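Report on the structure given below.
The values are calculated or read from the model by the stated rules, or taken from the named source; none is laboratory data. All values derive from a computational prediction rather than experimental measurement. Positions of Cβ are generated from backbone atoms using ideal geometry, with glycine treated the same way; all protein chains shown enter the neighbour counts.
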Amino acid sequence: MFSFSSRLGFCFALATLLVSSAQAAAIAGADFETPAYAAGTLPGQTNWTGASAWLVGAGGLSSGTAAGGGQHAQITGSASVGTNGEIARLSFPEQSGTVYARFNFRYEGTSDPADFFWAALGKSGGTNPYDASLGLVLRNETGGWGLQARARDASTSVNGPVPSRAFSFYTTMTVLLKAEKSGANGANYDRISLWVNPAVAPDSTEAAVGTPDATVTRSTGRTGIDQLFFRVGDAGALDVGERILIDAIQVGSTWADVTSANSGANLAVTSDSFSARPATASGADDFDGDGQPGLLELALGSAPEVAATVIAPVFSSVEIADNALDVTYERAATVGRFVPVVESSVDLVSWTEANVNQSYLEQVLPGGRVQVTARIQPRAVRQFARLRARDIQQMDTLTPDTTRDLFARLLLNWGTKVNTAGTRDTYGSTYSYEWVTRMVTPMAAWLSQPGRPGTLSVGASTVNVAETLRRALVNGTDPAETTRWPFPANQADQIVVEAQQPAFAAWLLHDATNRSGAPGAAVWSGFTAAQRSNLASFLSATGSPSFSYTNNWNLFVTINQEARKRLALAGVSEFSGYSQSAINTGLEKIQAMHRGGGWYADS
């Protein structure tokens, strides 16, 4: 059981966030989470209307302080998607004052000039649902793709300049809109302001965030706003393979309504791990699917591979004097490598344990588990808290000296199990070459920077990093060496995975020749033409552009190809056989496995 008490609100993350002051009340919002939203067609669910091509899908979009959840809204290109009718509308009570809207979105694919994405605040009714609206448009203007503020009357749109904040495909972005009446056009809405990835922190004000990235003025002829709509397409369709994803929508009448943490909710429950997910949903980091991230289960003494009896944390709101916060959780009587730790923050950026009593109360429960209450001492501002799993074996601080000594110790111990040729381990396993291939990159990285010695010592023991790496790359790719690294029997052979390590190492060594004093330069310069040719032949055989992978092996082949490309462009003639087409295809397939927040699936 987990219970988290604060003044009014709190939320659970891989960690758990607690807020010690009241939340603003938004006009409308959509997090696309269960039970309010089910996977499938979006229109027809929770005040949504529009085209059936808009769907609710798995995975959340998080950007800045706007956290996504376990689901999002999306539209995917197909033969029937892309006409002017592809609109999804979120309805809310009609407003006559200033209206703010904030949401996360991501555009995936390779778009053509005919495609666009349009999001705006408007009024239901009229010939077209998108007429007389204020919002933003993403389209291909001269100079490339960009987000623009857009104001439209009954028939004509006016777009502002492309903001300086660049748009990027496959990148989750936060946008914030402000629709208002300037007074120049009577009681009509006539001004839209756009912020792109605004630097919003809890309790930040509109004035503190600063001037909008773009503002456009044009009378809409409308005195009220009652919907937020999303539209795609134009004369050209949203092509097959392209997607637009939406999440974390907030609509309000004030800046605070759409920028406060978890606006519009007195109790917000999210699990923030690979991406923010509901506490009752299983994420990619939740092997047993019980709603609790695996590392946190280890810290609390649960089995991450066995679903817990109590899936969701239990929360309660308790009035505590002076904004102190209590975090109460249950753990095993003894902890191991991972331990539960409560931290506090005032901005959701910097976290500390300095004002936390980790064992304010402890009570042994029937069965031997322990209920722990950690108390966060009062501050003069609103506080947040999180419960996270700490790895006590992790080194908090590594100085250059301790890093060098640690690396030296690792190499010395590793070297005791390397054969005399420097190509494999001494255990004689089928994949004995992995023992060496997976160390060539860190050795090359060490040697690639100026001021680092080519030989390391620990006490009376020394390891010649430069010679060890040279011997591995030369003998591992020498056809005459009986323990050389194998050429693949086919392109599904494990050596394809391993080959990207010597490929990257080769590029690092060559790159060291551009840095005065980098010891890797001497290693590269010491290779003969025949040795470079052997290395190039090995990499070519293990990075074929003709094999089509559907998993993360695309990454390994892409690194192999890209390293050879960099060497070829640097004038190393032996590495001219790279394929730009293979690199492009590999990158596209890798990006298709992106699940948000910098996390990628294996397939």
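The set of residues in the range 181-200 that are crowded, with 17+ Cβ neighbours inside 10 Å and either in contact with a strand residue (DSSP E or B) (Cβ under 9 Å, 6 or more places away or on another chain) or over 22 Å from Asp153 (Cα atoms) (or both) comprises Lys181, Tyr189, Asp190, Arg191, Ile192, Ser193, Leu194, Trp195, Val196, Asn197, Pro198, Val200. Just one residue in the set Phe487, Phe407 is touching a Ser or Thr at 6+ places or on another chain (Cβ under 8 Å), surrounded by 14 or more Cβ atoms within 10 Å (Cβ to Cβ) and of a type outside the set (S, T, N, Q); that residue is Phe487.
Kindly indicate the residue of the range 430-455 that is of a type in the set (A, V, I, L, M) and surrounded by 20 or more Cβ atoms within 10 Å (Cβ to Cβ) and also farthest from Leu535 (Cα to Cα) among those meeting that condition.
Step one: filter the range 430-455 for residues of a type in the set (A, V, I, L, M), giving 436, 439-440, 443-445, 447.
Checking the rest, the ones that are also surrounded by 20 or more Cβ atoms within 10 Å (Cβ to Cβ) come to 436, 439-440, 443-444, 447.
Numbers: Val436: 15, Met439: 16, Val440: 13, Met443: 17, Ala444: 15, Leu447: 19 Å.
So the residue we want is Leu447.
Of the residues examined, Ala582 is one that is closer than 29 Å to Tyr170 by Cα, hydrophobic (A, V, I, L, M, F, W, C), touching a Pro at 6+ places or on another chain (Cβ under 6 Å) and assigned to a helix (DSSP H, G or I). Quick check on my filter: what residues within the range 338-372 are aliphatic (A, V, I, L, M) and without any contact (Cβ under 8 Å) to a residue 60 or more places away in the chain? Once the filter is applied, which keeps residues that are aliphatic (A, V, I, L, M) and without any contact (Cβ under 8 Å) to a residue 60 or more places away in the chain, the range 338-372 yields Val339, Val341, Val342, Ala354, Val356, Leu361, Val364, Leu365, Val370, Val372. When Leu412 is tested against (1) without any contact (Cβ under 8 Å) to a residue 24 or more places away in the chain; (2) within 30 Å of Leu469 (Cβ to Cβ), only condition (1) is not met.
I'm trying to understand the selection: among the residues of the range 561-581, which are more than 18 Å from Gln531 (Cβ to Cβ) and surrounded by 21 or more Cβ atoms within 10 Å (Cβ to Cβ)? Across the range 561-581, the qualifying residues are Gln561, Glu562, Tyr578.
Against the condition outside any loop (DSSP other than H, G, I, E, B), among the small types (Gly, Ala, Ser), in contact with a Pro (Cβ under 7 Å, 6 or more places away or on another chain) and under 30 Å from Glu330 (Cβ atoms), how does Ala385 come out, does it pass?
On the way: outside any loop (DSSP other than H, G, I, E, B): yes; among the small types (Gly, Ala, Ser): yes; in contact with a Pro (Cβ under 7 Å, 6 or more places away or on another chain): no; under 30 Å from Glu330 (Cβ atoms): yes.
Against the criterion (outside any loop (DSSP other than H, G, I, E, B), among the small types (Gly, Ala, Ser), in contact with a Pro (Cβ under 7 Å, 6 or more places away or on another chain) and under 30 Å from Glu330 (Cβ atoms)), Ala385 does not qualify.
Filtering Leu406, Leu348 for residues that are at pLDDT below 85 and of a type in the set (A, V, I, L, M, F, W, C) leaves a single hit, Leu348.
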